[in-house]
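Some notes on the structure that comes next.
What follows is calculated from the coordinates using simple rules that are stated; it is not laboratory data. Given the structure is predicted, the values throughout are model-derived calculations rather than measurements. In this analysis, Cβ positions are derived from the backbone assuming ideal geometry, glycine residues included, and neighbour counts consider all displayed protein chains.
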Amino acid sequence: MVRRKREKKRRPPFGMPKGIVMLATSEGWRHRVLTVEGGMLCGRLADVPVNAGPAEAQAAAAAMVVGLAHDFHEVRVDVTWEPPREPGSWTAQVTVASTPPNDCG
């Protein structure tokens, strides 16, 4: 009898996103992606010019998070931006929109 080696399901290297914090700085647009597991991914929106408006930066940050959720978790997510509470700072909620049909049980 030949035993098959059991494959261990690996955790994705990027946690499931649940929120975004975006900041306008003199060096460019910064972001923090908050995950359900309590992790955080921080960085600069490299493809967004320093003088770009908030709408362009929000679109770039949302596209990045949508891509990460799809690539690492195979889910579609929606990003909903909240009205700014203070100048130069924006937050968004990330919610799962759907999962692939073959993910059922």
Just flag the trypsin sites (Lys or Arg not before Pro) in segment 7-87 sitting in loop per DSSP whose Cβ has no more than 15 other Cβ atoms within 10 Å. Lys8, Lys9, Arg10, Arg85
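Please state the shape class of segment 20-105: rounded when a/c is under 1.5, otherwise prolate if a/b exceeds b/c and oblate if not, all from the C-alpha gyration tensor.
It comes out prolate by the Cα gyration axes.
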Label-point gap, in nm, between Thr91 and Asp47 - each point 7 angstrom along Cα→Cβ: 2.8 nm
